[in-house]
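FYI, it's all coordinate maths here, none of it is from the lab. Keep in mind that this is a model prediction, so the values were computed, not measured. Virtual Cβ from ideal backbone geometry, glycine too; neighbours counted across all protein chains shown.
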Amino acid sequence: MRDFGFFSGDYIVDLTGGGLKTVTTAGTRVQLSTSESAVKGVIIQAIETNEGYIAYGGSDVVAAAATRKGCVLAAGESILLPVHDLNKVYIDSTISGEKISYLPIKG
């Protein structure tokens, strides 16, 4: 996975604190963290058993195809996002009950 320079040559030193997030109701966005959580980035992976799509983005993310805002992951796909705070990342899904796993990258 290419880091596109946002790690500025630093090595990843801490990969603790990840977890699962569930979009209980499709169309209702979920914040990765409700409190400030300083990171260098986060890896998000849509769980392999998902049947729909997970959308990721900011506080206005929408997974529904007709009004989509953000980008989507299909089951098993992952993305490395260069963010500085986990509470800036939100997810939504096209089907209720879909999940992601995430792994914050700390410096």
Rounded to whole angstroms and listed largest first, the alpha-carbon spread of the chain along its three principal axes comes to 39, 26, 22
What longest region of the chain stays clear of chymotrypsin sites (Phe, Trp or Tyr not before Pro) that DSSP places outside H, G, I, E and B and that have at most 15 other Cβ atoms within 10 Å?
12-107
Once normalised by the length of the chain, the mean sequence separation of its alpha carbon contacts under 8 Å that are 6 or more apart gives a contact order in percent of 44 percent
Compute a Gaussian network model of the chain, connecting alpha carbons closer than 10 Å, and tell me which residue from Thr94, Thr28, Thr67 fluctuates the most.
Thr67
